[in-house]
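One structure is given below, encoded as structure tokens.
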Amino acid sequence: MGVDTVSSEGLRNTMVDQLVADQEAKGLVMPPEVEAALRTVPREMFTPGVAVEEAYRADNAVVTKRRGEETVSSVSAPWLIAEMLGQAVDALDGGLAGRHVLEIGSGGYNASLLRELVGESGSVTTVDIDPEVTERAVACLTAAGYRDVTVVCADAEQPLVPGPCFDLIIVTVGAWDIPAAWTGQLVEGGVLVVPLRTFGMTRSWALRRDGDRLVSLSQRLCGFVAMQGAGAHDVRYVDVADGVHLRLDEGQQVSPNLVGGLLSRPREQAWAGVNLPPRTVLADLDLWLAARLAAEVDQFVVLAAHQEAVEAGVVAPAWRFGTPAVLHGGTFVYRSELRWTDDMFDLGACAHGPDAAGAAGRMVAHMRAWVDGGEPAPVLHVLPARTPDGDLPAGTVLDKRHSRLVLTFTPA
């Protein structure tokens, strides 16, 4: 055994040890078969030109193709791959052994992990719209010894095969909608794991097919390069101050001058008056706020900021990469940074404008309602676009091109 092989195996096992520990810290349990696959597949074979130490960083996504400044293809970070595979295994009773899997978005590494999970009696098909990506995937899979993965160059917005035949479809690009082809290619009870944007916020949802609809079983905070082809839907960004912008993903229309002017006005801070532990899943709170606020305000948006703008005090968001925010009645309000006391924290809101105190108070009231309700987790229902209102479950409805999404909440 060569020195490089020993180094690779050691780095791989160290990476997996860290992934297992990180999941435990989140209250998750990595399925043993996912752990075994991660310890088996040589990730460095799918990241040529990158130092082996970089390939095995648990938080490192490796960019494999850019178009100008835009990343269009990458090998996802190991922590995210592990969590999505865990979602798939947990959602399919009995795991993935012997299952037939379709991966949408090719890179090779995730497909090889899936090949390990399905075993000799299962199958893996991976599809990508970009011929450069599929050619690279074939080369990497072959070099790593995974010659029985089927690689297809096509737009996955359309079905690859007629009728249902896949037990699992796992999507490794960011989607804005769920086309009928995905549901239609799943067997009854089959599972779709997809990074889906709702209200401008992306979650990896594990959804089970029930007739013509899908119902979620779990969701994880995540981020991915955007879908290309017929399923593409560009996010709009509006700069509202130096280093501060709003993410508009559901057709919102916002005046940057209006919001910029509001941010220059005095800030009003309100607190929910709660004491929460570090493990609290604030990603669930953000979807709760989206569902509640979108129904009662002019515009629900997502605020993002550069670190320099946060340090300069221009904004104080809960998470600078994407924080729920509202523009309503000439007032701008967003979920603020946490207030820590020892090892517990409180939730807050910052507001600017003529009704700043009232707007901040209303937002923290929604936060208290979430805490008082047992910190409920979101459940996503996906139904065909033609579904009448009367056939929708009770919840917050978000209409897309191909589907109607309904967000409901159940106690955690």
Inset, instruction - For K400, K26, write out the residues from largest to smallest accessible area, computed with a 1.4 angstrom probe and no ligands counted. - result: K26, K400
Inset, instruction - About the Cα centre of the chain, how large is the charge dipole given +1 on each Lys and Arg Cβ and -1 on each Asp and Glu Cβ? Please answer in debye to the nearest 20. - result: 560 debye
Inset, instruction - Whenever you get a sec, line up S112, S255 from highest to lowest accessible area (probe 1.4 Å, protein heavy atoms). - result: S255, S112
Inset, instruction - State in Å² the accessible area per residue of the chain; use a 1.4 Å probe, count heavy atoms of protein chains only, and round to the nearest integer. - result: 42 Å²
Legend entry - Under the Karplus curve 6.51 cos²θ - 1.76 cosθ + 1.60, θ = phi - 60°, whole-Hz ³J(HN,Hα) for the range 268-279, x wherever Gly or Pro sits: 10, 10, 10, 10, 6, x, 10, 10, 10, x, x, 6
Legend entry - Value of [θ]222 nm, deg cm²/dmol, for the chain, DSSP H segments ≥ 4, -39500 (n - 2.57) each, nearest 500: -9000 deg cm²/dmol
Inset, instruction - Report, in degrees rounded to the nearest 10, the 0 to 90 angle that the Cα long axis of helix 282-293 makes with the longest principal axis of the chain. - result: 50 degrees
Inset, instruction - Relative to the longest principal axis of the C-alpha atoms of the chain, give the angle of the C-alpha long axis of helix 109-118, reported between 0 and 90° and rounded to the nearest 10°. - result: 70 degrees
Inset, instruction - Could you work out how far the C-alpha centroid of the range 96-174 sits from that of the range 347-371, in angstrom? - result: 46 Å
Legend entry - Dipole magnitude of the range 236-373, debye to nearest 20 (Cβ charges: Lys/Arg +1, Asp/Glu -1, about Cα centre): 140 debye
Legend entry - Net length gained if the chain between A369 and C165 were fully extended (0.36 nm per residue, minus Cα distance): 69.2 nm
Inset, instruction - Report the one residue of G95, M15, S264 whose Cα lies farthest in the direction of the positive end of the charge dipole of the chain (charges on C-beta: Lys and Arg +1, Asp and Glu -1; origin at the Cα centre). - result: S264
Inset, instruction - For the chain, find the longest principal axis of its Cα atoms and tell me its angle to the long axis of helix 131-143, 0 to 90°, nearest 10. - result: 50 degrees
Legend entry - I129, I104, ranked by accessible area, largest first (probe 1.4 Å): I129, I104
Inset, instruction - Rank V310, A137, A55 by how far each Cα sits towards the positive end of the charge dipole of the chain (+1 on Lys, Arg Cβ; -1 on Asp, Glu Cβ) and give me just the farthest. - result: V310
Inset, instruction - With a 1.4 Å probe and every protein chain kept in, tell me what percent of the accessible surface of the range 239-328 is carbon plus sulfur. - result: 49 percent
Inset, instruction - Could you tell me what percent of the DSSP beta bridges with both partners in the chain are antiparallel, to the nearest 5? - result: 80 percent
Inset, instruction - Report the relative contact order of the range 255-338, percent, no decimals, based on alpha-carbon pairs under 8 angstrom and at least 6 residues apart. - result: 27 percent
Inset, instruction - Could you tell me the accessible area of D355 in Å² (1.4 Å probe, neighbours in place), rounded to the nearest ten? - result: 70 Å²
Legend entry - Peptides 274-286, 206-218, 317-329 ordered by average Cβ neighbours within 10 Å, highest first: 317-329, 206-218, 274-286
Inset, instruction - Report the calculated FRET efficiency for N13 and E188 (r = Cβ-Cβ distance, R0 = 60 Å), to the nearest 0.05. - result: 0.95
Legend entry - Global geometry of the range 8-221, whether rounded, prolate or oblate, following the gyration tensor of its Cα atoms and the 1.5 cut on a/c: rounded
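The values are calculated or read from the model by the stated rules, or taken from the named source; none is laboratory data. All values reported here derive from a predicted model rather than from experimental measurement. Positions of Cβ are generated from backbone atoms using ideal geometry, with glycine treated the same way; all protein chains shown enter the neighbour counts. Note: accessible area is taken over every heavy atom of the protein model, side chains too, but ligands, DNA and RNA are not part of it. Shrake-Rupley method; radii C 1.70, N 1.55, O 1.52, S 1.80 Å.
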